[in-house]
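The values are calculated or read from the model by the stated rules, or taken from the named source; none is laboratory data. None of the values given here were measured: they were computed from a predicted structure. For neighbour counting, all protein chains shown are included, and Cβ atoms are generated from backbone atoms with ideal geometry for every residue, glycine included.
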Amino acid sequence: MVPRWGQAMPRKVHGKTGNTYFKDNVEIFGGKGHVHKIPTSKNWYFRTWIDEEKRHLRQSLRTTDLDEATQKAEKLLVEILADVSKGKKFFGITVEQVAKEFLDAELERVETGLIKKGRWNTVKTQINRHLVRYLGPKTKLGQLDHNSFYDYAQWRRKNTSSVTETTIRNEHATIGSFLKFALRRGYINFPYEMVEFEEIKIKEKPRRDTFELEEYDYLTRYVLPSWVKTESKRSNSNMMAEMRKQFIRDMFLVMANTGVRPSEVWQLTWGMVSIKDYDKKSKQTLVELDLPASITKTARARKILCRGGQYFKRIRTYSNWLGDDDLIFVNNSDGTPISKSEKHRLWHEFMEFAEESGRFKLGDRKITYYSLRHWAITCRLYANVNIFDVSQWAGTSVQFIQDHYGHVDQSKQKVNALKSFTVDEHGYVEASV
């Protein structure tokens, strides 16, 4: 059987006459490549030694004419030498190896500002934690075909019961990018567009979990102040723990009033904040946030005027780091960012404290830092702020708000349906709740 492109050469076979397996050998480029025949075919073949992989590479030239075969072989050898210089592997590159190359290439896009580091972290999780495990890290990419990914969705559901259909659909998109990369590198021989995925049907866009009005009032009036003063769990210094709790308390209130994303609020510096004077008419201290593209999820700068200036004022009374380039939410001892693990630990501690108070129950809801952004958006919609203005203020699309906050419109419709109407003597409709 004739080996296929990319397979190892068969061992030389010596007959009675002493001839090798190869016949009519013709060297090209000073012996870097060879044009030859084999006993089982009339066509000419090409072979070259890939020193980096210590194996011969062979391909049929599909012609019986030596001149045509030589021209094809010379062109092919030039392409192979160029690929070798770029580090391309011709024999059995594994899923694990291509995953690393793909993530390295995506990291370069982070460095040039094409994607955010947060997006790269998401892709890294999708590839390393899920795709590589699904295919097997040592699986050769050459073994895959366009049907190899159809069962991925079902595999994800079986291995992670809480995974959503939206998450799986997003992972399908990342797999498509991974395969497109592999095709460009020559690691697969089927177009990524041909890959078949299970169709994902999302019947209803997920609602964003957040607080009820009474819950928010209770948490901010009673629970937050009490929690800040309690002894923190798993902390070596109660003074340091209480200081971090103060930052978390004010971060809670800042996010609930400004609607900025967690990734944005953690990167806020004092140079991005302009606290306005107290407005007697609205009884509010407004604040203007000038968010540069470098910290926003959409990589678009936005400037927002919102409530919550008093919380920034309070932070300035206890923070040791007030320079324009200093982060607002920091470890007060050295000005470094609060670690991700510490942020999550403090949030879970606060949620546990709130539930232990007896008047707040999480139930099946997934309440996180992001829920504060959802709360801020929901409040603006309930206040009848134009949906376009909300989208601009929140840094997201109108379609996204319509998809994920439709329940707000339904609640408003219910209020409208319960209104009673009267017509005055001039024919004007008057409404009363």
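Filtering Asp403, Asp364 for residues that are at pLDDT below 85, in a helix (DSSP H, G or I) and of a type outside the set (A, V, I, L, M, F, W, C) leaves a single hit, Asp403. The residue of the stretch 229-239 that is modelled with the highest pLDDT, among those that are surrounded by 12 or more Cβ atoms within 10 Å (Cβ to Cβ) and under 33 Å from the mean Cα position of the chain (by Cα), is Ser232. Among the numbered conditions (1) of a type outside the set (Ser, Thr, Tyr); (2) surrounded by 12 or more Cβ atoms within 10 Å (Cβ to Cβ); (3) modelled with pLDDT under 90; (4) at positive phi, the only one that Asp279 does not meet is (4). Taken over the stretch 48-71, residues that are buried (at least 19 other Cβ atoms within 10 Å of the Cβ) and outside any loop (DSSP other than H, G, I, E, B) amount to 4. Counting only residues that are more than 25 Å from Val223 (Cβ to Cβ), under 27 Å from the mean Cα position of the chain (by Cα) and free of Cβ contacts under 8 Å to residues at least 60 places away in the same chain, the stretch 327-354 holds 1 of them. The residue pairs whose first member lies in the stretch 124-142 and is farther than 13 Å from Gln97 by Cβ, whose second member is surrounded by 18 or more Cβ atoms within 10 Å (Cβ to Cβ) and of a type in the set (Gly, Ala, Ser), and whose beta carbons are closer than 6 Å, counting only pairs six or more residues apart or on different chains, do not exist in this structure.
For the stretch 75-110, the candidate set comprises residues that are basic (Lys, Arg) and in a helix (DSSP H, G or I); within that set, the residue that is nearest to Arg58 (Cα to Cα) is Lys75.
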